[in-house]
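Below: one structure, written as structure tokens.
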Amino acid sequence: MESEPPMPHVLMISFPGQGHVNPLLRLAKRIAAKGVLITFSTTSDTGHQIISSSDVVSADDGVPVGNGHLRFEFLNLNWDKDGQKHVLEESMLNLDTVGPAAFADLIRKQSLARRPVTYVVNNPFIPWAVDVATDMGIPCAVLWVQSCAVFSTYYHYHHGLSEFPTETNPDISVCLPGIPIMTPEEIPSFLLPTTFHKSLTKAILEQFRNIDKASRVFVNSFTELEPEAINSISKYAQLIPVGPLVEPEDNSGSNLRGDLFKPTDCLEWLDTQAPQSVIYISLGSIVTITKEEMVEMANGLTTNGRSFLWVVRSSCQELLPQGFLEKVKGKGLVVGWSPQDNVLNHSSIGCFLTHCGWNSVLETLTAGVPVIAYPQFGDQLPDAKFLVDIYKVGVRLKSPVQCTALHAAIEAVMDGTDANGIKENATKWKIAAKTAVAKGGSSDRNIEAFVDEVMKRAA
Ligand code: UDX
């Protein structure tokens, strides 16, 4: 009897947040494109949101699957367990309690369906995935979804390897190998003694509890972007850059996006705008700003007079000043959610006012778009430092935003004395980012090496 050909099968499992799903799903696409079967999983409610905001229906049970396919199968549990919109800490606790058994079931189901799992890849915000996989004898890699510098910062803090601000010594700067000195305002805010988010700090540091169990630690970055940080942390953890994980340019095979919100089509409006003329504003999927900030921002944009595309999630749109939308009609467009990758790559975009979430950072670098950095919390603070001081692709905007400061920042980045230098740097990073993930680039080779290992294991 002829034996069935081996089917290398990677099971990916993501924490159900936009900033986690996007990079893991993009890594899934890159690995699948090299001939590996991928099953992508997250909680059931989040998973169905991903599918409903895409144009492609997932290949699911009953449909023959094989090498190179990307299919979806969700954990038998919901993130928002009873539709009550729990606080993050409660939902995380619930996920930590019921997730491991649901995940073990999912792994067993794959064997029953004759596609045993060769490798698991998870993001470390659900550290139990590594425990479940290794207990079941399956190797597991993790994908760190923030920068290598941020990984190093948390790692040093968690293991007590460096001095950090304390209640008695709140003003000390942090000196870490391979990373520029960071003031207390530039380290991830969850590590400050004054943080209000103690349980989130605990969850973040929990990621390091068992990271040594992972057979590989992938990072959504690229060697050319953070050479010193990657090199200097390697004595503790070997980080393998596989980024920037942005939507592949040739996405014709699948329009599937990792978005948890339905994007509004604003590209037609961008088509009507002059090249490099539009300010794009988006603060990601979590950050909310106060009514005062919203008003200052709206006034800054009106005073400035340039065209803008502003993402204001629908839950925050009531904070816009009365009459604002009518006032800016024709000049500005406010949407609830945008297809950000396409927007940043649109020729009309002149700059990006960003909260500096790591996905947005990589997306803007890959698109070569200059930034106005407006970080709010967590890793966004060091990310802003890198964007402005190290990569030199933009200017900083102090929080809380003031109308006049916003106007000045826009002018500085679009037309100021440094604007040309900023644009040149942005173009330089765009080329470096695209080269890293192109065939034979530094990140592509790292993905290729992983695929080779998966293939060998499956053979
Ligand atoms: C969170 C944290 O806030 C961030 O600090 C961390 O680095 C990652 O996890 P988030 O705030 O959502 O992420 O920001 P970001 O990392 O930028 O991810 C947002 C994603 O949503 C990006 O991929 C972006 O392209 C996408 N997006 C955002 C859209 O597609 N449309 C939008 O309108 C806004």
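The values are calculated or read from the model by the stated rules, or taken from the named source; none is laboratory data. Bear in mind the structure is a predicted one, so any value in this text is a computation, not a measurement. Neighbour counts are summed over all protein chains in view; Cβ atoms, including those assigned to glycine, are modelled from backbone coordinates with ideal geometry. Remember, those area values only see protein heavy atoms, side chains included, never the ligands or the DNA or RNA. Shrake-Rupley method; radii C 1.70, N 1.55, O 1.52, S 1.80 Å.
Treating r as the C-beta distance of Leu93 and Asn420 and R0 as 60 Å, the FRET efficiency rounds to 0.75. Based on Cα contacts under 8 Å between residues 6+ apart, region 286-407 shows a relative contact order of 27 percent. Rg/Rh for region 401-441 (Cα atoms only, Rh after Kirkwood) is 1.25. Taking each residue as 0.36 nm, the span from Val295 to His159 lengthens on full extension beyond its C-alpha to C-alpha distance by 44.7 nm. With contacts taken as Cα pairs under 8 Å at a separation of at least 6 residues, the chain carries a relative contact order of 16 percent.
Candidates Met182, Cys148, Thr288 compared by Cα position along the dipole of the chain: farthest toward the positive end lies Cys148, with charges placed on Cβ.
Counting 0.36 nm for each residue step from Ser314 to Asp389 and taking away their Cα separation leaves a gain of 23.7 nm.
Computed from backbone phi with θ = phi - 60° and the Karplus coefficients 6.51, -1.76 and 1.60, the 3J(HN,Hα) list for region 224-240 is 5, 7, 9, x, 5, 4, 5, 5, 6, 7, 5, 6, 9, 8, 7, 8, 10 Hz; x is used for glycine and proline. Heavy-atom accessible surface of Glu318, to the nearest 10 Å², is about 150 Å², with a 1.4 Å probe and all protein chains retained. Shape class of region 332-459 from the Cα gyration tensor (axes a ≥ b ≥ c, square roots of the eigenvalues): prolate, since a/c reaches 1.5 or more and a/b is larger than b/c. Rg(Cα) of region 220-375 divided by 2.2 N^0.38 Å? Ratio of Rg to 2.2 N^0.38 Å for region 220-375: 1.15.
In region 168-255, one over the average inverse separation of all distinct C-alpha pairs is 15.9 Å, which is the Kirkwood hydrodynamic radius. In a DSSP loop and with at most 15 other Cβ atoms within 10 Å, the trypsin sites (Lys or Arg not before Pro) in region 388-454 are Lys398, Lys439. The modelled label-to-label distance between Lys439 and Asp452, using points 7 Å beyond Cα along the C-beta direction, is 1.7 nm. You can think of it this way: the chain between Arg114 and Lys81 has 8.8 nm of extra reach, that is 0.36 nm per residue less the Cα-Cα gap. Contact order, relative form, for region 9-165: 24 percent (alpha carbon pairs under 8 Å, 6 or more residues apart, mean separation divided by residue count).
Using only side-chain charges placed at the Cβ, +1 for Lys and Arg and -1 for Asp and Glu, the dipole size of the chain relative to its Cα centre rounds to 520 debye. In this structure the amide hydrogen of Leu309, modeled in the peptide plane, comes within under 5 Å of the amide hydrogens of Ile279, Tyr280, Ile281, Leu333, none closer than 5 places in sequence on its chain. Working from label points 7 Å from Cα in the Cα-to-Cβ sense, the Ser347 to Glu4 distance is 5.0 nm. Kindly provide log₁₀ I(q)/I(0) values, in the same order as q = 0.10, 0.13 Å⁻¹, from the Debye equation applied to equal alpha-carbon scatterers of the chain. Each listed q maps to, in turn, -0.73, -1.26. Put simply, region 121-190 fits an ellipsoid with semi-axes of 31, 12, 10 Å; these come from the alpha carbon gyration tensor as the roots of five times its eigenvalues, largest first.
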